[in-house]
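Okay, here's the structure, questions in a sec.
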Amino acid sequence: MGLEILFLLLPVAALSGWLVGRGGVSGHRREEGGLFSPDYFKGLNYLLNEQPDKAVEVFVQMLEVDSETVETHFALGNLFRRRGEVDRAIRIHQNLIARPTLNRTQRNQALFELARDYMAAGLLDRAEALFEELIDDREYSEQVGCQLLEIYQQEKEWDQAIEVARRLQGTGIDGAPLISHFYCELAERAMRRNDYAEAGKLLKRALSEDRANVRVSLLEGRMELRQGNARAAMRALKRVESQNPYFLPEILAP
């Protein structure tokens, strides 16, 4: 466990211990001559005995979620995620969401961070559900859209990916090249089932989104060759010269 976690937790743990000692936390009373809570000294004891994992667990349990410590929870959760300790990050962010005292902004931030935790853990369905809950929030729409695109590409859900990419265009991102490639993916899927009519329609849509997309021309040429349409294949492949001459070697053999 890195020192950065301990530096992050110790001041808040000390404050919590002081409040407990002063009777500021319900269920505890200041003991005569006592300033810190027993849990605080328990955590310090773990540190001194080189058991930082147990120390962190104690300090996290001591952190009450309120307006003064919510940012500490976010910082701690994100630190755990960056260190690969995703289970701990998930617990912290789930604990935040469960608190009725969070305002809307804080709750949305907690939802976003929890969704990122799920992404890091490979729990794409859970991450997708949380991101979709935030997609209409102006503050998160661009970040959420990019995360959803990553999920949909991993899951090969090209129709959903196209929809999200179109929404991102409203934020100023040029999603046309991506949309064009997503249509190519759908066209390849249609070609695999020998539905050339559908593949042709999808390739036309792909080209309308991005006329410089070499992939469209290569796929169209391959599709026409499969059907024995040599002239149509040649017309498609010759487009590559004006799209990107770098790919000319790709069309020489066909």
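Coordinate-derived values only; no laboratory data. These numbers come from a predicted model, not from an experiment. So basically every Cβ, Gly included, is an ideal-geometry build from the backbone, and we count neighbours across all protein chains shown.
Go through 126-135, 243-252, 181-190 and give me the packing order, highest mean Cβ count within 10 Å leading.
For the peptides 126-135, 243-252, 181-190, the packing ranking is 181-190, 126-135, 243-252.
Also, quick follow-up: Please work out the FRET efficiency for the pair Asp125 and Cys146, using the Cβ-Cβ distance as r and a Förster radius of 22 Å; give the result to the nearest 0.05.
For Asp125 and Cys146, the calculated efficiency is 0.75.
So, one more: How would region 137-189 be classified by its alpha-carbon gyration tensor: rounded, prolate or oblate, with rounded meaning a/c under 1.5 and the a/b versus b/c comparison settling the rest?
It comes out oblate by the Cα gyration axes.
Highest first, please rank the peptides 76-83, 228-235 by the mean number of other Cβ atoms sitting within 10 Å of their residues.
Packing proxy ranking, top to bottom: 76-83, 228-235.
Further question on the same structure: Through the Karplus equation 6.51 cos²θ - 1.76 cosθ + 1.60, θ set to phi - 60°, convert the phi angles of region 149-164 into ³J(HN,Hα) values in whole Hz; use x for Gly and Pro.
4, 4, 5, 5, 5, 5, 8, 6, 9, 6, 5, 5, 4, 4, 4, 5
Is region 119-254 best put as rounded, prolate or oblate by its Cα gyration tensor, with a ≥ b ≥ c the root eigenvalues, rounded for a/c under 1.5, and otherwise prolate when a/b is larger than b/c, oblate when not?
Cα axes put region 119-254 in the prolate bin.
Using a Förster distance of 22 angstrom, determine the FRET efficiency expected from the C-beta separation of Thr105 and Ile173, and round it to 0.05. Can you show the working numbers first?
Numbers: r = 24 Å, r/R0 = 1.07.
So the FRET efficiency works out to roughly 0.40.
Any idea how far apart Asp137 and Asn244 come out in nm if each label point goes 7 Å out from Cα toward Cβ?
3.6 nm
Mind checking the full-extension length gain between Asp195 and Gln227? Use 0.36 nm per residue of separation minus the Cα-Cα distance, one decimal, nm.
Details: separation 32, 0.36 × 32 = 11.52 nm, distance 1.12 nm.
Extending this stretch completely gives an extra 10.4 nm.
Here's another thing I want to ask about it. I want to check the label-to-label distance for Ala75 and Lys156. Put each point 7 Å from Cα in the C-beta direction and report it in nm to one decimal.
Using points 7 Å along Cα→Cβ, the separation is 4.5 nm.
So, with +1 on the Cβ of K and R and -1 on the Cβ of D and E, and no other charges, what is the size of the charge dipole of region 158-197 about its Cα centre, to the nearest 20 debye?
In debye, rounded to 20, region 158-197 gives about 60.
Taking a ≥ b ≥ c as the square roots of the eigenvalues of the Cα gyration tensor of region 93-181, is the shape rounded (a/c under 1.5), prolate (a/b larger than b/c) or oblate?
Numbers: a/c = 3.28, a/b = 1.65, b/c = 1.99.
The shape class here is oblate.
Next question, about the same structure. With charges only on Cβ, +1 for K and R and -1 for D and E, what is the dipole size of region 193-252 about its Cα centre, in debye, rounded to 20?
That gives region 193-252 a dipole magnitude of about 140 debye.
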